[in-house]
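Report on the following structure.
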Amino acid sequence: MEDENDLDLIVIGWGKGGKTLAGTLARAGQRVAIVEASQEMYGGTCINIGCVPTKILIHDAENHAGHGFDPEYFDTAVERRDKLTAMMRAKNFSMLDTLDSVMTITGRASFIGPRRIRVQAGDETLELAAKRIIINTGAIPASSDLEGASVGGRIHDSTTLQHAPLPKSLVVIGGGPVGLEFASMFGHFGSKVTVLDRGPRALKNEDEDVAAEVLAALSDAGVRVVVRASVQRISQNAHTARVRYEQDGRPQDIEADAVLIALGRTPATLELNLAAVGIETTASGAITVDDHLSTTAEGVYALGDVNGGPQFTYISLDDNRIVADAILGTGKRSTADRVAVPHTTFTTPPLARVGLSEQDARAQGLSIKVAVKKVSEIAAMPRPKIVGDARGIIKFVVDAQTDLILGAALVHVDSQEVINLVALAMRQGVTSTTLRDSIFTHPSSTEALNEVLGSFAR
């Protein structure tokens, strides 16, 4: 590179969107620097502490279901997790480090002026400037101001619990996707798990029949979910942790070997010195962006979890496409183009969702028809029975006039795969009748659509 301080692009953070954009622009002949605060996070949250490592543990937990509490088995699963994430981390680093036009830096970045940053890399301080800067720092587990809720000892967040000793008993504070995934996982590892959810019912954004299937599966794993539970404080000593909560005004105490605080994730912006360049943030701490992911500072974009959009790796990847189009293409692509974005909560079996629920559609006054069947009752869906788990439900919400799919909730084996087909059908305007009459392989979970979409109940 001709001049380290005269770059085309600086990427702060090695998440999915930023690393992909860095590679794309480097291969297009631009001079790029990518800065990551920790060598343990090359590749971003997903492959190091998020999606991939937790799904490894979930898979191994599922294979252990019914075999009781076994710390040695858990330790072996963690070792497998660590081996795979280390391999993926090294691969992600080499994909950029081997490009001649990319400078990789391990250090902490902060803004010092328009399109200028300072990087503290060990004992060395670097100052870099570029035509454009990408903020791709992701998010971190949300902290809590509850008494005793600081992470340490027996109190964990979703990162630290992955390397903690397997607890005989676990209290999960928070009934969102992360909390329920960890509850399901540790239940299958043999832990006695209690989830404290402050809401009126668990999975309140899902229809009651869908939520009931997920809760039944959690119960099968030995997980107890307590609703209307307002946590007051946490304490711990050398032997146990104690959580005080109120339910319907009555104080309750519960003891456990470990406590997981799962209250969502917060955009990671604290050390960036955003005010120095006039980058605004929202009330939740996310960086403010427009539909093209530009921040309020000229030439600076924010990608991934840090910008307040849906916190999914595949959204970060799509963020990359938007900014790549802004820099190398027509600049027409935007977040407004996104429709029917699916997501999955990896309980066992997984809950996959796209679009509207029945309760949301009716609240909007839409004219709908609903197709719903329990997996155990679907004759044309042998795969769950083949693999030994026929639990769950499939539910579609369809526009009564146009026959277009408005939404779906799938709770079953392979639902994380089938939901992608449903989302594609929604994006392409495929009717429920066309999807019903499509040809699918056998035996598969997808072929359930042939039967479910032919049985509108209401």
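The values are calculated or read from the model by the stated rules, or taken from the named source; none is laboratory data. Fair warning: this is a prediction, and the values are worked out from it, not measured in the lab. With ideal geometry, Cβ positions are generated from the backbone for all residues, glycine too; neighbour counts draw on all protein chains shown. Accessible surface is based on the protein model in full, side chains and every heavy atom, while ligands, DNA and RNA are left aside. Shrake-Rupley method; radii C 1.70, N 1.55, O 1.52, S 1.80 Å.
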Checklist line | All lysines inside 17 Å of Lys192 as judged from Cα atoms, apart from same-chain residues fewer than 8 positions distant | finding: Lys168
Next item on the list: Just tell me which aspartates and glutamates come within less than 12 Å, Cα to Cα, of Lys131; anything on the same chain fewer than 8 places away is out.
Entry: Asp6, Asp8, Glu298
Next item on the list: Apply the Kirkwood formula to the stretch 79-186: the hydrodynamic radius equals the inverse of the mean of 1/r over all pairs of different alpha-carbon atoms; give it in Å with one decimal.
Entry: 17.9 Å
Margin query: Within 10 Å of each candidate Cβ there may be at most 16 other Cβ atoms; applying that plus a DSSP loop requirement, which chymotrypsin sites (Phe, Trp or Tyr not before Pro) in the stretch 15-105 survive?
Written below: Phe69
Next item on the list: Report the full-extension gain for the segment Asn237 to Leu146: residue separation times 0.36 nm, less the Cα-Cα distance, to one decimal in nm.
Entry: 31.1 nm
Checklist line | Neighbourhood charge, 13 Å Cβ-Cβ cut-off, centred on Ala212 and excluding it, Lys, Arg +1 and Asp, Glu -1 | finding: -1
Check: Given the convex hull over the Cα atoms of the stretch 161-307, what projected area results after averaging over all orientations, in nm²?
Finding: 11.8 nm²
Notebook entry, point to check: Taking R0 as 22 Å, what's the FRET efficiency between Gln364 and Gln401 from their Cβ-Cβ distance, rounded to 0.05?
Noted result: 0.95
Check: Put Arg116, Arg81, Arg31, Arg362 in order of accessible area, largest first, 1.4 Å probe: what do you get?
Finding: Arg362, Arg116, Arg31, Arg81
Item checked: 3J(HN,Hα) from dihedral phi, the stretch 45-50, Karplus parametrisation 6.51/-1.76/1.60, rounded to Hz, x for glycine, proline -> 4, 4, 8, 9, 9, x
Margin query: What aspartates and glutamates does Lys332 reach when the alpha-carbon gap must be under 14 Å and sequence neighbours fewer than 8 apart in one chain are set aside?
Written below: Asp290, Asp291, Asp318, Asp319
Item checked: For the chain: Kirkwood Rh in Å [reciprocal of mean 1/r, alpha carbons] -> 23.8 Å
Margin query: Solvent-accessible area of Lys55, probe 1.4 Å, all protein chains present, reported in Å² to the nearest ten, please.
Written below: 60 Å²
Note to self: At 1.4 Å probe size, with the rest of the protein present, what percent of the exposed accessible area of the chain is carbon and sulfur atoms?
What the structure shows: 49 percent
Next item on the list: Mind running the shape call on the stretch 150-189? Use the C-alpha gyration tensor, a ≥ b ≥ c as the square roots of the eigenvalues: rounded below 1.5 for a/c, prolate if a/b tops b/c, oblate otherwise.
Entry: oblate
Notebook entry, point to check: Of all DSSP beta bridges in the chain, what percent run antiparallel (nearest 5)?
Noted result: 60 percent
Check: Rounded to the nearest whole Å², what accessible area per residue is found for the chain with the 1.4 Å probe?
Finding: 44 Å²
Margin query: Sorted from largest to smallest, which semi-axis lengths in Å does the alpha carbon gyration tensor of the stretch 20-111 give for its equivalent ellipsoid, taking the root of 5 times each eigenvalue?
Written below: 35, 12, 10
Check: Roughly how many whole Å is it from the C-alpha centroid of the stretch 382-453 to that of the stretch 159-203?
Finding: 29 Å
Margin query: With n ≥ 4 as the cut-off for DSSP H runs, can you work out [θ] at 222 nm for the chain, using -39500 (n - 2.57) per run divided by the number of residues, rounded to the nearest 500?
Written below: -8500 deg cm²/dmol
Notebook entry, point to check: How far apart, in nm, are two points set 7 Å out from the Cα along the Cα-to-Cβ line at Glu271 and at Ser334?
Noted result: 3.5 nm
Item checked: 22 Å Cα-Cα threshold exceeded, pairs from Lys204/Lys385; Lys55/Lys373; Lys55/Lys395; Lys55/Lys83; Lys55/Lys91 -> Lys204/Lys385; Lys55/Lys373; Lys55/Lys395
Note to self: Counting other C-beta atoms within 10 Å, and keeping those with at most 16, which DSSP coil chymotrypsin sites (Phe, Trp or Tyr not before Pro) do you find in the stretch 353-458?
What the structure shows: Phe440
Check: Hey, could you pull the Cα Rg and Dmax for the stretch 100-153, both in Å?
Finding: 16.2, 51
Notebook entry, point to check: Based on the Cβ-Cβ distance from Ala379 to Asp82, what FRET efficiency comes out when R0 is 41 Å, to the nearest 0.05?
Noted result: 0.40
